[in-house]
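One structure is given below, encoded as structure tokens.
The values are calculated or read from the model by the stated rules, or taken from the named source; none is laboratory data. Owing to the predicted nature of the structure, the values given are computational and were not obtained by experimental measurement. Note: ideal-geometry Cβ built from the backbone for every residue, glycine included; neighbour counts use all protein chains shown. Keep in mind that these areas ignore ligands, DNA and RNA; they rest on the heavy atoms of the full protein, side chains included. Shrake-Rupley method; radii C 1.70, N 1.55, O 1.52, S 1.80 Å.
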Protein chains: 2
Amino acid sequence: MKNYKSADLRSVRLCDPVFMPRIKLAMGPMLKAVTEQTESTGRIGAFDLNWKEGAPFKPHVFWDSDVAKVLEGMAYILGLENIPELEKLYDSWVERIVAAQQPDGYLNVYFTVVEPENRFKYLNWAHELYCAGHLIEAAVAGFEVLGKRKLLDAMCRYADYLDAVFGLEPGKRRGWPGHQELELALIRLYRVTGEKRYLRLAAYFINDRGTEPNVFAAEGNSFSDLVVRQAHIPIREMQEVSGHAVRALYMCSGAADVAFETEDKELFSVCEKLFENVAERRSYITGGVGSTPVGEAVTADWDLPESTAYAESCAAIAFAFFASRMLNYTGDIKYAELLERVLYNNCMSGVGNSGDEFFYANPLQMLNTKNHSQVLNPGQKGVRQKWFSCSCCPTNYIRFLPKLGSFIWSFDERSAVLHIPAAGEISTEKFGAVVSGSYPAEGRITVTMTKNSLLAFRLRIPLWAEKFSLKVRGENVVCNAGYVDLPGPWQTGDKVELDIEIKAHLVFPRAEVADSAGRAAIMRGPLVYALESVDNPLNLHGCRIFSDTEFSEVSLPAELDSVLPGVAFEAEYRNSEEESPLYSSVAPKWKKGGFMAIPYYLWQNRGESDMRIFIPFV
Amino acid sequence: MKNYKSADLRSVRLCDPVFMPRIKLAMGPMLKAVTEQTESTGRIGAFDLNWKEGAPFKPHVFWDSDVAKVLEGMAYILGLENIPELEKLYDSWVERIVAAQQPDGYLNVYFTVVEPENRFKYLNWAHELYCAGHLIEAAVAGFEVLGKRKLLDAMCRYADYLDAVFGLEPGKRRGWPGHQELELALIRLYRVTGEKRYLRLAAYFINDRGTEPNVFAAEGNSFSDLVVRQAHIPIREMQEVSGHAVRALYMCSGAADVAFETEDKELFSVCEKLFENVAERRSYITGGVGSTPVGEAVTADWDLPESTAYAESCAAIAFAFFASRMLNYTGDIKYAELLERVLYNNCMSGVGNSGDEFFYANPLQMLNTKNHSQVLNPGQKGVRQKWFSCSCCPTNYIRFLPKLGSFIWSFDERSAVLHIPAAGEISTEKFGAVVSGSYPAEGRITVTMTKNSLLAFRLRIPLWAEKFSLKVRGENVVCNAGYVDLPGPWQTGDKVELDIEIKAHLVFPRAEVADSAGRAAIMRGPLVYALESVDNPLNLHGCRIFSDTEFSEVSLPAELDSVLPGVAFEAEYRNSEEESPLYSSVAPKWKKGGFMAIPYYLWQNRGESDMRIFIPFV
């Protein structure tokens, strides 16, 4: 086990071509948009507790979580930049939230004004404990980043109340969050307060979930409902990640935390097994998780349909949480490989370049003619949306993007670890460095120390890097890909130069992936590439690629405002004859033509368009 | 326009290798199973109207339709065979149903015993008018086949009541079936009674639907709800088939009937357009309709995912209804081509060889490891089920299969038309023939007249037949594929000999079908073939086929109990190395190996297995 901690977000300043633009969006148009939406839809006003039956803006069970997530995001943004107006808004939201707290510590709008008689009665669907978790996370964020205690104190009172209600001890009742989140929030609260009861309560929620007699079954829920909520069996009996993807991955994140803090090796090995299952059998090349809109769920090993992929933005964020935790607790590079893949692809694709439009689902193929709005799950549309009635994804982005820097670096007592060499600066008490380059636009990275430091410097050379060279303080170092330990001490000005060859190539799914049979994707470094119809006048769904295709790099269209390269290649393609029947026994005629792929995460920034990642190959 | 009428089911006796086994199943194990289920689940008992709140077997809004469909099936089975015990059961069910009729003619269990105050209040979801339609169809079936009037008279009273309630005339209210079916039922009632009011009411439902002010919108339903029910615009404005597949295709069937009976050329041309849209852009190679479980719906042009296909059994039956009607009203062979394709594939695949197990959804690809029962729509499972809580498919099969013979032949005043040369006998007052052969196991068909007849004999030579020969009364006839008119008179013993070369070949979806890009299916005559893992020890999802592959014919495994041939071929395939990551940059290694395909409709009769229709080709 390791005991790495992710970098404090305030210690990292990124200036790379992928994360930094998204962070800027979060601090600008996204913050504006989600704040306005949270206000105009009545979500923040609901905390004034004056809604009456028949009035507009009837509170919804998950509204509190949206407010909390925006508040958490505000704290992080204030950590990156001092914006007095934003701080004032932050404080005023905290006032309104804290004022809604009940004398016993309970704090939930819906179950205070709409169904006060049903507090904790329908845990399965009520999102009560989920909302509590997000409020706690917001409080911890405000304390960690800004040193503000008001919400933290209130949330400690709420957590004390929850601890008095739930558990196995005499006088308490059993109960589990219908949507996991509270577990990892309680761990965060424990870490800032040192209060062991919060850790024990988190451990209770993780360990009791799914045991008999089943709490949700007793509420009258079906077996499917239990599976969707990972409550059909105890986590220790799980062989695979199933059910609602976000719930599952939040649970795994919380379980990893609990296992680490309680030194529960059995539980930790369950987390390892579940990670292996989702990473190697149940996730998309983009890092996306969730194969069906029905239950927004993970389905089964190798079941990864392309066009009907759900791959919810929140699930990608949750997968990054899970991977980042496992990485910090083990130092095992396999978690970094996945973390990188999900960060550069599905985590980035959910936000448009405007910063105020979002994908809920992130399919791997799009037929633009689909009239998604008419029949599919509202989350599944071909264009990004300003907001959703269930608006978890926008409010997750506002709290996730400003924290991107903290995923890049970890520290323990003796070492500074650079997981992803995105350009920027790191500055802590014991360590400082500038990372230059434009990774992953290209692979030349120079880390220049800006402080004298006794820490070892641990640098990840991605496992996908087939060719690379490393120089440390001007000397060539021969090593394998993986984490390289470079012992200190470091002097200001010392350089570590890594040069990774990054070039586009085909990636093949395992032969078991029935839905992608006969197809391959283009990757370049950690980035998955996609064909978009706006760049490809030839029918991209009729394209087939040669497995030995030579790719060339081209500039991306100016509208995409990115220094990342596009990838051009020659391929064959087919079109249908005008009068051809839908199914014809006439073999297709193949023509030769040029195609261009762009980074997947940048798709659908130039209006509606067709898109595909997996291309038939010969 | 033509005025063909489908053959009376009593006039046709099939002995072919595809339809006849399914008819036998319907008359044996299926009848037993659906009758028992209809009784044991409380559906028939509910007509006794003695359910009270809190009691078991609470009636559901669509229960009446299940009972009606089984009753309709009983009538057809009694038309094929005299089974006194069945007739007794039939009569007893009719007694119980008729006894539930209210003094004003209304007859609906749910809205009599559960929510009597809400009669006709929630047309959008209540299935009230849908149930009425099925009861009427059952009544017409009993009268047509058995000459029984009791239920028919009751249903005339119900239809009279409905006619008094719904319409645009003063004193009536506007209203539309939330699930279309009543429309075509009223046409059938009109045809047996001659009562024009029933025709006018059917025309009203078709024509008023979707006009403003919108009846369902006034009930508070969302636009998506309207689209699912084809009530978002009037049918005359529709350019495409959208929404819930079964509703859409029942509506189209009813609209075709109304257009024909009211000589409404504009409406008929809408039906032609909608047929073209669904047949050429929105249906699967199996004749399946419905691309998503969300709303059990048609989505958009070319959107035809394989593994997540819904392709509900009821939608295939509804598509056969629509195609058969269009064929009878036009004589255009394109409708026969589609009718044949859906009959031999999706219509047959929904029932297992045991006769009492059913698919609700009929996907085109199956990963056996999917744990469908846990997270997908209950209709979507990898194995056929005995029954469903929404059990429309089993009860549709019991009324559909016994009628298969009537889809094969049509008649008008001057001609007998053989659409599909399935072996069997036809005998009407004016025409009689034996069709011998084992189509589509092989293509040699001899039609031997068993009566002297003045009718012309119109024989379809399928458009997919590339090579064929035709002999009439011993003389070679040279003609194109299509309907061939062979004028009478015919003498007993006259022979028409058709020899179609039927051999397996690849069929390619249009290049727009993004989900099947780079893949082709195997067809042999009207049958779509599929690879099933039980026959293919090599990884069938790793198979890729050569576009010039030679297919050979082999016997099917004995357990499938079919004289149809299997199709064997050499191909390449890949497996994944044990330790290979889910996504790898190592190009697959292809090996050569043998594969065998079986008729799609026979899949999943030997336990759980993987299956695929579309195979990558090079």
- Task: Among the residues of region B:291-323, write down those that are open to solvent by 10 Å² or more (accessible area, probe 1.4 Å), more than 7 Å from every other protein chain (Cβ to nearest Cβ) and among the aromatic types (Phe, Trp, Tyr).
- Result: B:Phe321
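Matching residues to (1) under 24 Å from B:Val298 (Cα atoms); (2) touching a His at 6+ places or on another chain (Cβ under 8 Å):
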| site | (1), (2) |
| --- | --- |
| B:Glu183 | yes, no |
| B:Asn207 | yes, no |
| B:Ala218 | no, no |
| B:Phe223 | yes, yes |
| B:Arg229 | yes, yes |
| B:His232 | yes, no |
| B:Glu237 | yes, no |
| B:Met251 | yes, no |
- Task: Those residues that are closer than 22 Å to A:Pro421 by Cβ and among the hydroxyl-bearing types (Ser, Thr, Tyr), I need them from region A:304-328; list them, please.
- Result: A:Ser324
- Message: Please pick out the residue among A:Gly542, A:Gly525, A:Gly518 that is out of contact with any His (no Cβ under 7 Å at 6 or more places or on another chain), closer than 22 Å to A:Leu418 by Cα and either modelled with pLDDT under 95 or assigned by TED's automatic domain parsing to the domain that holds A:Lys589 (or both).
- Response: A:Gly525
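Results for (1) among the polar types (S, T, N, Q); (2) within 27 Å of A:Phe143 (Cα to Cα); (3) open to solvent by less than 30 Å² (accessible area, probe 1.4 Å), shown as yes or no for each residue.
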position: A:His60; (1), (2), (3): no, no, no
position: A:Leu78; (1), (2), (3): no, yes, yes
position: A:Asn82; (1), (2), (3): yes, yes, no
position: A:Trp93; (1), (2), (3): no, yes, yes
position: A:Leu107; (1), (2), (3): no, yes, yes
position: A:Val114; (1), (2), (3): no, no, yes
position: A:Trp125; (1), (2), (3): no, no, no
- Query: Among the residues of region A:392-402, is there at least one that is under 23 Å from A:Ser516 (Cα atoms) and either at pLDDT 95 or above or not hydrophobic (A, V, I, L, M, F, W, C) (or both)?
  - Reply: no
- Take A:Glu237 and decide whether it is under 27 Å from A:Asp160 (Cα atoms), over 22 Å from the mean Cα position of the chain (by Cα) and either open to solvent by less than 10 Å² (accessible area, probe 1.4 Å) or charged (D, E, K, R) (or both). no
- Name the strands (runs of 3 or more DSSP E) wholly inside region B:500-593 in which the number of residues that are more than 10 Å from chain A (Cβ to nearest Cβ) and surrounded by 17 or more Cβ atoms within 10 Å (Cβ to Cβ) is 1 or more. B:519-524, B:527-532, B:565-573
- Task: With respect to B:Gly288, determine if the residue is more than 9 Å from every other protein chain (Cβ to nearest Cβ), surrounded by fewer than 24 Cβ atoms within 10 Å (Cβ to Cβ) and under 30 Å from A:Gly295 (Cα atoms).
- Result: no
- Message: For region A:447-487, give me every one of the strands (runs of 3 or more DSSP E) that falls completely inside it and has 3 or more residues that are surrounded by 14 or more Cβ atoms within 10 Å (Cβ to Cβ).
- Response: A:456-461, A:468-472, A:482-486
- Any idea which of (1) more than 13 Å from chain A (Cβ to nearest Cβ); (2) crowded, with 17+ Cβ neighbours inside 10 Å is the one B:Thr492 doesn't satisfy? (2)
- Task: Being closer than 17 Å to A:Asp208 by Cβ, part of a helix (DSSP H, G or I) and open to solvent by 30 Å² or more (accessible area, probe 1.4 Å) is the filter here, so list the residues in region A:144-178 that pass it.
- Result: A:Ala164
- Can you find even one residue in region A:215-231 that is at the interface with chain B (Cβ under 10 Å from one of its Cβ atoms) and touching a Gly at 6+ places or on another chain (Cβ under 6 Å)? yes
- Message: I'm checking my understanding of the structure. Among residues of region B:255-280 that are among the polar types (S, T, N, Q) and either at positive phi or not in a loop (DSSP other than H, G, I, E, B) (or both), which one is farthest from the other protein chains (Cβ to nearest Cβ)?
- Response: B:Ser269
- Query: Just checking, which of B:Gly133, B:Gly73 is farther than 30 Å from B:Ala218 by Cα, surrounded by 22 or more Cβ atoms within 10 Å (Cβ to Cβ) and not hydrophobic (A, V, I, L, M, F, W, C)?
  - Reply: B:Gly73
- Query: Does B:Ser283 qualify as being within 9 Å of chain A (Cβ to nearest Cβ), closer than 19 Å to B:Ile613 by Cβ and open to solvent by less than 10 Å² (accessible area, probe 1.4 Å)?
  - Reply: yes
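Yes/no matrix, rows are residues, columns are (1) under 12 Å from B:Ser283 (Cβ atoms); (2) at pLDDT 95 or above; (3) touching a helix residue (DSSP H, G or I) at 6+ places or on another chain (Cβ under 7 Å):
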residue: B:Ala318; (1), (2), (3): yes, yes, yes
residue: B:Phe321; (1), (2), (3): no, yes, yes
residue: B:Arg325; (1), (2), (3): no, yes, yes
residue: B:Tyr335; (1), (2), (3): no, yes, yes
residue: B:Leu338; (1), (2), (3): yes, yes, yes
residue: B:Val351; (1), (2), (3): no, yes, yes
residue: B:Cys390; (1), (2), (3): no, no, no
- Has region B:192-210 got at least one residue that is of a type outside the set (Val, Ile, Thr), in contact with a Cys (Cβ under 9 Å, 6 or more places away or on another chain) and buried (at least 24 other Cβ atoms within 10 Å of the Cβ)? yes
- Give the residue that is nearest to the other protein chains (Cβ to nearest Cβ), with candidates limited to residues of region B:594-618 that are open to solvent by less than 20 Å² (accessible area, probe 1.4 Å), closer than 25 Å to A:Ile613 by Cα and of a type in the set (A, V, I, L, M). B:Ile615
- Could you please tell me which pairs satisfy a Cβ distance under 9 Å, a separation of 6+ or placement on different chains, a first residue in region B:402-429 that is more than 25 Å from B:Glu72 (Cβ to Cβ), and a second residue that is open to solvent by 30 Å² or more (accessible area, probe 1.4 Å) and β-branched (Val, Ile, Thr)? B:Ala416/B:Thr428; B:Ala423/B:Val434
- Verdict on A:Val227 being at pLDDT 95 or above and of a type in the set (Val, Ile, Thr): no
